[in-house]
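Structure first, commentary second.
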Amino acid sequence: MKRIISPSVLSADFGHLADDIAMLDRSEAEWIHIDVMDGVFVPNISFGFPLMPPMRKGTRKVLDTHLMIINPERYVERFAKAGADIITVHLEATEDPRAVIEQIKKTGVKAGMSIKPKTPVSAIVPYLNDLDLVLIMSVEPGFGGQSFIEGSIEKVAELKREIDRCGSQAVIEIDGGITLDNAAEVYAAGCEVLVAGSTVFASPDPEATIHKLLNV
């Protein structure tokens, strides 16, 4: 299975964001994870459209855009135009998941869907054949730096079995509490994309940490 690291810029130094984006562009990370929070779906507010074009200009990497916002269909087209390569919405944040998946795909970007820690894998199974990506939250969404929730690895394994069973091409991504201590076990469960925020940006050598996360 392919291994991809998607460092979350939520943990970057916003005072030197251009430098951090340039570092990620040099690194072995193939994706850059952008957490968009509205203060309603999750108890925090991050950033939105204004930062997308500068990040798009600053890197060739895939912009992995995670919308933690209610009614995400209101903003799908704007994020696609702003430079997103993947748009992931939350199953819990929309009344019509299939419609928003179709809306994302019509913009020409890849469609992802995420589930919170308490949402069972069974809830997303009906949509697997329509998705390019499924994001398992291994912390409660809304804040960086949280600890990995026990049971998340079993959830990844269950999702992998369901993807294989139905023949979906969706890749599995995980977000929250990823470290050098648990990355190998997460890969082994069937996850291909690891979102890493604090582990990368709080390390003395982020590029070396990305390399280690890919090669655990």
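The values are calculated or read from the model by the stated rules, or taken from the named source; none is laboratory data. Everything numeric in this text was worked out from a predicted model, so none of it was measured. Neighbour counts are summed over all protein chains in view; Cβ atoms, including those assigned to glycine, are modelled from backbone coordinates with ideal geometry. Just the protein is used for accessible areas: all its heavy atoms, side chains included, with ligands, DNA and RNA removed. Shrake-Rupley method; radii C 1.70, N 1.55, O 1.52, S 1.80 Å.
What the table below lists for this structure:
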{"read-out": "Residue among A123, A93, A184 with the largest mean-square fluctuation in a Gaussian network model of the chain, springs linking Cα atoms under 10 Å", "value": "A123"}
{"read-out": "Residues of the chain: accessible area per residue with a 1.4 Å probe, Å²", "value": "44"}
{"read-out": "Electrostatic dipole magnitude of the stretch 1-149 [Cβ: Lys, Arg +1; Asp, Glu -1; Cα centre; debye, to 20]", "value": "320"}
{"read-out": "Percentage relative contact order, the stretch 1-75, counting C-alpha pairs under 8 Å, at least six apart", "value": "35"}
{"read-out": "Pairs of alpha carbons in the stretch 117-194 whose separation is greater than 15 Å (percent)", "value": "50"}
{"read-out": "The chain, helix-only ellipticity at 222 nm - DSSP H runs n ≥ 4, -39,500 (n - 2.57), divided by all residues, nearest 500", "value": "-8500 deg cm²/dmol"}
{"read-out": "Gyration tensor (alpha-carbon) shape descriptor, the stretch 81-216, a/c threshold 1.5", "value": "prolate"}
{"read-out": "Per DSSP, loop trypsin sites (Lys or Arg not before Pro) in the stretch 17-110 with at most 16 further Cβ within 10 Å", "value": "R60"}
{"read-out": "Charge tally in the Cβ shell below 13 Å around L159, where Lys, Arg are +1 and Asp, Glu are -1, L159 excluded", "value": "-2"}
{"read-out": "Heavy-atom accessible surface of the stretch 1-111: percent carbon and sulfur, 1.4 Å", "value": "53"}
